[in-house]
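Every number here is computed from the coordinates shown, using simple stated rules; none is lab data. A quick note: this is a predicted structure, and the numbers were derived from the prediction, not measured. Here Cβ is always computed from backbone atoms with ideal geometry, including for glycine, and neighbour counts include all displayed protein chains.
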Amino acid sequence: MNHLGTNFYEAVSVILFGIGFMNLLLQNNLIKKFIGLNIMDTAVYLFLAAQGYIFGRVAPILTDGVIDASYYVNPIPAGLVLTGIVVSVSVTAFSLALVQRLYKHYGSLNMDEIMQLSREEEGE
Amino acid sequence: MDEKKSFLKHLEAWVDGEEVILDADKYISTRTKKEKRSWRHHFTIQYVKENKKLYGILSIGISVLFIAIMLSVVNSLPEYGNAHNPANNEVMERYLESGIEETGAINFVAGMILDYRAFDTFGESNVLFLAVMCVVLLLKKDKNNYSEQEEQEIQEDDYFDTNEKHPILQIGAKLITPLVILYGIYVILNGHLSPGGGFSGGTIIGAGLILYASAYGQKKMQSFFTFRTFTKICVSGLLTYCACKSYSFFTGANHVGYEIPKGIAGNILSSGFILPLNICVGLIVACTMYGFYALFTKGDI
C-alpha cells in the first residue's frame, strides 16, 4: 500500500495539523495560541472533506432527477464538518472571552508574564 | 536490654508487645537518606519550561514526529476519490436512495442533518447558545465588570459614532445591509432545495447586522436589537426546535401516524419540519454571530 502520491489532500491536512500543534506549543501570545488551534480545526475539516469525495460524481443535491447512490459524493462528511465548525466557533469565542478578561486583569497577553504575575499575586 | 539481638528477635519481641524498637527513628532516617540521584531529577517539566531553547527543540521534535507518524498512516489509507473505499458504505447509500422519499428534501445534506440526525443539530444549536451565554457571563458590562477608564473609552467611542460622519461607509452600509440580510433569508428558506441552510444563512444575516453596527454605532443598533430581543429570539428558536422534534420523535416512535405531510419534493413548502427547523437554526446563529461581535467590541448587546 503506497498511496501518499494520491492522498495528497490528506497529507496536506496532516501537515497543517502538525503546524497548528507546533504553533500551540511554541507561541507565548495567547491569541496566537488560539490561531494555532484554529489551524488544527481547519486541517480536520480538510481531512473530512477529502474522505467524502469520489471522482466523477456530483454534489449531494438532486440533479436531473437521478436517485442513485452511485451518482453523488458521500454526504456524511459534510454533516460532520458542519458540527466541527460550530464547535470550533464556540470554543474559540469562549477562549477569546477568557483571554480578554485575563488581559483586563493582568495587562498582558504573554503567558509566562501572566503566570508570573498570578504567582506573585498569590504569594502576597 | 541486649543491643546485639538480631533484627528478627527485636521484631518478634515487638510483635509480642514486650519492647519497642528503640532505634526505629534512626533506622527510618538511614533508610530515607538514600537519595536516588538520576537524570530524572534534573529533567523535570519545570526545567524544560525554564530552558526556552530545549523547550523549542523538543516541541518541534514532537510535532515533526507526529507529522511523520500521521503521514505514514495517510500512506496506508485507501486511495483518494475511490468509490469502493470503506467510508462510502451502505449508510451513504441509504441517505441518498431513500432520502427524498423519507425526508422530502432535495438537498441530501439538509435532509441528513435536520431529519435523520436532527438531535445532533439540536445539540449544535445548544453549544452555540451555551458559548454566547458564557461570553455574556464573562464580558457583559455590569457592576462586577466595570472600570471608570473603560466607561470613559466607551463614551468617547459613542461620541465619535454619533457625531462623526463616515459618508462612504454609512451610505454603503445602508445600501448593502438589506441585500445581505435578504440573501441570508433566501439561503435559509432554500436550505432544503439548494446548498446552504440554517447555519450558513444565519452567518450571512449576522454579517449584515455586524456591517450595520460597525457603520452606525451600537447606539442605533440598540433601537431595534437589544439584549432582551436577543435572548427572546435565541430561546424561542431553541424551544421551537425542541417542540418540533419532540412531536416527530413522539409520533414516529409510537406509530401514531399524524405525520407532517412531506409535500412535493422541490417545492418551497415541502419536506416536513426541515424548513421551520432551518429558520430556528438560522435565527439562533444570526443572533449568536452578532452577539459575539457586540460583546467583544463594547461588552453589551
Query raised in the report: Over what distance in Å are the Cα centres of segment A:57-124 and segment A:1-50 separated?
Result: 13 Å
**Report entry** Stretchable slack from B:Lys219 to B:Tyr247, in nm (0.36 nm times residue separation minus alpha-carbon distance)
**Finding:** 6.0 nm
Report task. Please state, as a whole number in µm²/s, the translational diffusion coefficient that the Stokes-Einstein equation yields for segment B:30-184 at 10 °C and 1.306 mPa s, with Rh defined as the Kirkwood radius across alpha carbon pairs. Result -> 65 µm²/s
Report summary line: Here the relative contact order (percent) of chain A, from C-alpha pairs under 8 Å and at least 6 apart, is 24 percent
Query raised in the report: About its Cα centre, what dipole magnitude does the protein assembly as shown give when the only charges are +1 on Lys and Arg Cβ and -1 on Asp and Glu Cβ, stated in debye to the nearest 20?
Result: 500 debye
Requested in this report: For chain A, with a Gaussian network of springs between Cα atoms less than 10 Å apart, report the residue from A:Gly107, A:Gly20, A:Gly65 with the top mean-square fluctuation.
Outcome: A:Gly65
Report task. Using a cut-off of under 18 Å, list every residue of segment B:60-79 whose amide N is near the label point 7 Å from the Cα of A:Ile15 along the Cα-to-beta-carbon line. Result -> B:60-77
Query raised in the report: Based on the Cα gyration tensor of the protein assembly as shown, what are the three equivalent ellipsoid semi-axes, each the root of five times an eigenvalue, rounded to whole Å and given largest first?
Result: 53, 35, 25
Query raised in the report: Using 7 Å Cα-to-Cβ label points, what is the B:Glu259/B:Ile45 separation (nm, one decimal)?
Result: 5.4 nm
Report task. May I ask which of B:Lys165/B:Lys298; A:Lys32/B:Lys52; A:Lys33/B:Lys143; A:Lys33/B:Lys220; A:Lys32/B:Lys143; B:Lys143/B:Lys174 have a Cα-Cα span longer than 28 Å here? Result -> A:Lys33/B:Lys143; A:Lys33/B:Lys220; A:Lys32/B:Lys143; B:Lys143/B:Lys174
Requested in this report: Set the Förster radius R0 to 45 Å, insert the Cβ-Cβ distance between B:Ile57 and A:Glu124 as r into 1/(1 + (r/R0)^6), and round the FRET efficiency to 0.05.
Outcome: 0.80
Query raised in the report: With charges only on Cβ, +1 for K and R and -1 for D and E, what is the dipole size of chain B about its Cα centre, in debye, rounded to 20?
Result: 560 debye
Query raised in the report: Which residue fluctuates the most in chain B, going by a Gaussian network model with Cα springs under 10 Å, if the choices are B:Gly263, B:Gly252, B:Gly282?
Result: B:Gly252
Query - Ratio of Rg to Rh over segment B:150-254 (Cα coordinates, Kirkwood Rh, two decimals) - result: 1.13
Report task. Within 10 Å of each residue's Cβ, count the other Cβ atoms and sort A:Arg57, B:Arg228 from fewest upward. Result -> B:Arg228, A:Arg57
Query - Surrounding net charge for B:Leu239, when Lys and Arg each add one and Asp and Glu each subtract one, Cβ distance under 15 Å - result: +2
Query raised in the report: So for B:Val135, A:Val86, B:Val73, B:Val91, fewest C-beta neighbours within 10 Å to most, what's the order?
Result: B:Val73, B:Val91, A:Val86, B:Val135
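With r defined as the distance between the Cβ atoms of B:Asp157 and B:Ser194 and R0 fixed at 35 Å, what FRET efficiency is calculated, to the nearest 0.05?
0.30
In what order do B:Lys53, B:Lys9, B:Lys298 fall by count of nearby beta-carbon atoms within 10 Å, going from fewest to most?
The fewest-first ordering by Cβ neighbours comes to B:Lys53, B:Lys9, B:Lys298.
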**Report entry** Inter-chain Cβ neighbour average for residues B:122-135, partner chain, 10 Å
**Finding:** 4
Report summary line: Taking only the alpha-carbon positions of segment A:8-123 as identical scatterers, the Debye log10 I(q)/I(0) at q = 0.12, 0.20 Å⁻¹ comes out as -0.60, -1.05
Report summary line: Taking Cα atoms only, Rg over Rh for chain B with Rh from the Kirkwood formula is 1.27
Report task. Evaluate E = 1/(1 + (r/R0)^6) for B:Asn145 and B:Glu12, where r is the Cβ-Cβ distance and R0 equals 45 Å; express this FRET efficiency to the nearest 0.05. Result -> 0.05
Report summary line: Checked against the positive end of the charge dipole of segment B:152-247 (+1 on Cβ of Lys and Arg, -1 on Cβ of Asp and Glu, about the Cα centre), the farthest of B:Ser246, B:Phe224, B:Ser236 is B:Ser246
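First select every other residue whose beta carbon is under 10 angstrom from the beta carbon of A:Tyr106; then total the charges, Lys and Arg +1, Asp and Glu -1.
0
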Query raised in the report: Using 15 Å as the cut-off for backbone N distance, which residues of segment A:1-34 belong to the label zone defined by a point 7 Å from the Cα of A:Ala49 along Cα→Cβ?
Result: A:8-14, A:16-17
Query - Cα-projected label distance for A:Val58 with B:Lys165, points at 7 Å along beta-carbon direction, nm - result: 5.3 nm
Report task. Towards the positive end of the charge dipole of the protein assembly as shown, with charges on Cβ (+1 Lys, Arg; -1 Asp, Glu), say which of B:Leu211, B:Met112, A:Ser95 has the farthest Cα. Result -> B:Leu211
Report summary line: Calculated from DSSP helices alone, with each H run of at least 4 adding -39500 (n - 2.57) and the total divided by the residues of chain B, [θ]222 nm to the nearest 500 comes to -22500 deg cm²/dmol
Query raised in the report: Separation between the A:Lys32 and A:Leu98 pseudo-spin-labels, each 7 Å from Cα along Cα→Cβ, expressed in nm?
Result: 2.0 nm
Query raised in the report: Of B:Gly81, B:Gly291, B:Gly191, which is the most mobile in a GNM of chain B whose springs link Cα atoms less than 10 angstrom apart?
Result: B:Gly81
